[in-house]
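Beneath this line is the structure, given in C-alpha cells, with notes to follow.
The values are calculated or read from the model by the stated rules, or taken from the named source; none is laboratory data. The shown structure was predicted, so the numbers you read here are calculated from the model rather than taken from an experiment. Note: ideal-geometry Cβ built from the backbone for every residue, glycine included; neighbour counts use all protein chains shown. Protein only, heavy atoms only, side chains kept; ligands, DNA and RNA dropped before computing areas. Shrake-Rupley method; radii C 1.70, N 1.55, O 1.52, S 1.80 Å.
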Amino acid sequence: MKRLIPQFGNASLQSRGDAFTTLARSIVGQQISVKAAQSVWERFAALPKRMTPANVLKLKVDDMRQAGLSARKIEYLVDLALHFDSGAIRVDSWRAMEDEDIIGELVGIRGIGRWTAEMFLIFHLMRPNVLPLDDVGLITGISKNYFSGDPVSRSDAREVAAAWQPFCSVATWYIWRSLDPLPVTY
C-alpha cells in the first residue's frame, strides 16, 4: 500500500446516490460489459419519471424489454422494487447495522449475491472495512502487487489484507486502481 497510495493523489471512494438506484444499476450491469450496461441503464432509467421503487413497479414489462433488459433482470428489478416499496428491508436502519446483517438482508433480494452486497457496502454505505474475496480484480491485484503475479488463494488474500484492517475497503480500492487507473464505481 505504501507504494500504491501515492500514485493516485487525492482520488477517493465516492458514493453514487440513493440505495435503490445503486442496487438497480448493479442488477442492470450484471454479466454485461460496462459500455453495454451504461447503454441499457440509460434506456431503462428514462422509462419512469423518477427512479423510485413505486415507479419501477408501474412500468410495463414490454417497455423494460425494449430498453434491453432480459426477462431475468426484469424479475430481479421488480423484486428489488417490491422489497424497497413494502419496507421488507430496513433501509433506514442500515447505517447502524453490522455489515453482515446488511449483506443478509440484501442477498434475500433476487439477483443480489454477496459480491453485489459487498460492492454496495463499499460504494454506497462507504463502509471502510469490507474485503470482497469473491472479487476477481482484488485477487488479481493482490497477485500482481504482493506475489509477483503468481496465483493467490482466498487464504493468501485474507492474510495480506490482515495488514489493511480496519480499512480493507480503501486498500481494495487502491488495489483495483493498480489494475485500472480509472476510479472504480458501482
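Key figures for this structure:
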quantity	calculated
Failed condition for D156, given (1) open to solvent by 60 Å² or more (accessible area, probe 1.4 Å); (2) more than 12 Å from the chain's Cα centre (by Cα); (3) of a type in the set (D, E, K, R)	(1)
Residue within segment 35-43 that is modelled with pLDDT under 95, of a type in the set (D, E, K, R), under 26 Å from I175 (Cα atoms) and loosely packed, with under 15 Cβ neighbours inside 10 Å present	yes
The one condition in (1) without any contact (Cβ under 8 Å) to a residue 40 or more places away in the chain; (2) surrounded by fewer than 17 Cβ atoms within 10 Å (Cβ to Cβ) that M1 fails to fulfil	(1)
Qualifying residue in segment 68-78 (condition: surrounded by 12 or more Cβ atoms within 10 Å (Cβ to Cβ) and within 18 Å of H124 (Cβ to Cβ))	yes
Test: residue in segment 105-116 that is on the phi > 0 side of the Ramachandran plot and in contact with a helix residue (DSSP H, G or I) (Cβ under 8 Å, 6 or more places away or on another chain)	yes
Among the residues listed as R90, R50, R95, the single one being closer than 27 Å to L138 by Cβ and of a type in the set (D, E, K, R)	R95
Test set (1) modelled with pLDDT under 95; (2) more than 22 Å from the chain's Cα centre (by Cα); (3) open to solvent by less than 90 Å² (accessible area, probe 1.4 Å) - D63 fails condition number	(1)
Matching option when the condition is of a type in the set (A, V, I, L, M, F, W, C), without any contact (Cβ under 8 Å) to a residue 60 or more places away in the chain, touching a Gly at 6+ places or on another chain (Cβ under 9 Å) and over 30 Å from A161 (Cβ atoms), among A54, A36, A46	A36
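Residues are listed down the side, and each one gets a yes or a no for (1) open to solvent by 20 Å² or more (accessible area, probe 1.4 Å); (2) touching a residue at least 24 places away in the same chain (Cβ under 8 Å); (3) within 15 Å of F20 (Cα to Cα):
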| site | (1), (2), (3) |
| --- | --- |
| S93 | yes, no, yes |
| E98 | yes, no, no |
| M119 | no, yes, yes |
| V136 | yes, no, no |
| T140 | yes, yes, no |
| P151 | yes, no, no |
| V160 | yes, no, no |
| V170 | yes, yes, no |
